[in-house]
1. From Ala387, Ala395, Ala366, grab the single residue that is touching a helix residue (DSSP H, G or I) at 6+ places or on another chain (Cβ under 8 Å), farther than 23 Å from Ser199 by Cα and touching a residue at least 12 places away in the same chain (Cβ under 8 Å).
2. Name every residue in the stretch 1-38 that is farther than 17 Å from Asp58 by Cβ and touching a helix residue (DSSP H, G or I) at 6+ places or on another chain (Cβ under 7 Å), in order of residue number.
3. Is it the case that the stretch 116-137 has a residue that's in contact with a Lys or Arg (Cβ under 9 Å, 6 or more places away or on another chain), in contact (Cβ under 8 Å) with a residue 60 or more places away in the chain and aliphatic (A, V, I, L, M)?
4. Please work out which residue is nearest to Glu165 (Cα to Cα), limiting yourself to the stretch 251-294 and to residues that are among the β-branched types (Val, Ile, Thr) and part of a strand (DSSP E or B).
5. Would you be able to tell me the number of residues in the stretch 20-30 that are farther than 22 Å from Arg85 by Cβ and either surrounded by 17 or more Cβ atoms within 10 Å (Cβ to Cβ) or not small (Gly, Ala, Ser) (or both)?
6. Can you list the strands (runs of 3 or more DSSP E) found entirely within the stretch 138-241 that contain at least 1 residues being among the charged types (D, E, K, R) and closer than 16 Å to Ser283 by Cβ?
7. Assuming Leu128 fulfils every condition listed in (1) in contact with a Leu (Cβ under 9 Å, 6 or more places away or on another chain); (2) outside any helix (DSSP H, G or I); (3) not acidic (Asp, Glu); (4) not assigned by TED's automatic domain parsing to the domain that holds Ser283 apart from one, which condition is it?
8. Quick one: Met313 ticks every box in (1) surrounded by fewer than 17 Cβ atoms within 10 Å (Cβ to Cβ); (2) assigned to a loop (DSSP other than H, G, I, E, B); (3) hydrophobic (A, V, I, L, M, F, W, C) except a single one, so which number is it?
Amino acid sequence: MATNGSLNRKLRMALVGGGLGAFIGRVHVTAAVLDNRASLVAGAFSSSPEKSKASAPDYDVPLTRAYGSVDEMLAKERALPADQRIDFVTVATPNHTHFPIAKAALEAGFNVVCDKPLTFDLAQAEQLHELVKKSGAVFAVTHNYTGYPLVRQARQMIQSGELGEIQAVRAFYIQGWLRSRLESEGQKQAAWRTDPAKSGSAGCFGDIATHAYNLARYMTGLLPDRVSANLKVFEPGRALDDYGHAVIRFQGGALGTVTASQISHGRENDLFIEIDGTKGALSWRQEEPNVMVVRRNGHPHALYTRDPNAPHMNDLGRAACRLPSGHPEAFFEAFANIYRCAYDDMARRAAGESFSQFDTVYPNVADGVDGMNFIQQCVASSAQDGAWLSLAHPAQRR
C-alpha cells in the first residue's frame, strides 16, 4: 500500500465537477493519483444528480458515493467511519462556484484543493483565507505551472542569489482559441469563461493572466506595490476582456509586465517568462518546459535541461522530477507536483503533526487571494484609463 509519510495509507479524494464532457476534472484526477498516494473514492461530478451518477463509472467510483449535490456528499462522508471517509475535496468547477464549495468543505473539516482563480471576487477569497486559518486545514490552489521542475529550479536559483538582484520580469500568456465568438456557438468552455455571472469581473485576465502573474511571483519572490493595466474586448459583442497588459511596480524598485491574449492567431498555451537580474537572466517557456535558458554577459548562453542527475540541478528542481533526462515531463506531472507536496501536509495533519498552512512550496490560499487581488486591481485600473492602483495585500507572501 502507498504511504504518505507517517500516514500508512492512501489519502481519500472527492471530486466536485469533472462530469461528462468536462476537461479539467479529469486532469485533476490523473494528477492526484499519479504517485499512487491517493485514490478517488467519491464525488459530486455535476450539479445534475443524474449526470453525477452517470459520470461515476468513468472514474471507477461506486454509485453509492456519486452524490447529487455537494451538501449531500459532505454530510454523508462526514457520517462515515474515520477509516472510510474522504480526506480532501478537489474543486474543479467554474469560478462562481468555488467559494461555496470550498467553504462548505472546510467547515465540514476536510482539506481542499481548488482550481484557480480562487473565487468569484476578492471578498470571497479573503473570507476563505480566514476560514483556512480557523480550520487548520490544508488548502492548495492549482496554479499548476509552479509544479514544473525548471520553474522550481529557477525559484531556488533566484532565492539563493545566483541571478543577483531581480530588476525586471516579463510574463506572457498568449492563446488564440477565442479569436471568434465560440461562446455564441454553445462551446461549453468558452461560454462560462466569457460570462460575467460565472467568470467574474475579468475574462482573459482572470483566466490566464493570473497564471502569468502567479508564475512571476512564485519564481522571483518579489512583492508587488502598484499596477497600471489596460484590458480590452476586441471581439465585438463579447462581455469580458480578451486581451490586456499590466505594468507592475514591485517593492524595492523592480518592474514587471504581464501580457495576456486569447485572440492571437495560432497561439495555443504559450506561457513564457523572462527574468533579469544584476548577475544573470533566465527565460522559460511552458510549451517547451524541459528547457530553461540562463544568460550572463560575456559567457555562452547556458541551456538548462530537466535532468535530476545533473550537477546543475538544485534540490527544489530535482525533487520535482520523476523521469531521467530526455523523457519529457509536462502538464500532468507539474499538476501532480502540486498534489504531491500538498499530500505531505495532509498526511501531517491526519497524523496530528504540525505543518505550515502558508509557508509552502505549493500555491496555497494566500496565493489565491493574491491572484484575486491582482484581477480586481487590474480591472479597476483599466476602468480608470490605466490609473496606478495599489497591488499590496496583507495576505501576500514571498
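1. Checking each option against the conditions leaves just Ala387.
2. Within the stretch 1-38, Asn4, Gly5, Ser6, Leu7, Leu11, Leu34, Asp35, Arg37, Ala38 meet the criteria.
3. The answer is yes; a qualifying residue exists.
4. That would be Ile275.
5. 7
6. 166-174
7. With respect to (1) in contact with a Leu (Cβ under 9 Å, 6 or more places away or on another chain); (2) outside any helix (DSSP H, G or I); (3) not acidic (Asp, Glu); (4) not assigned by TED's automatic domain parsing to the domain that holds Ser283, Leu128 is out only on (2).
8. (1)
The values are calculated or read from the model by the stated rules, or taken from the named source; none is laboratory data. Worth saying up front: this structure is predicted, and the values here are computed from it rather than measured. Because the Cβ atoms are built from the backbone with ideal geometry, glycine has one as well, and the counts that use them run over all protein chains shown.
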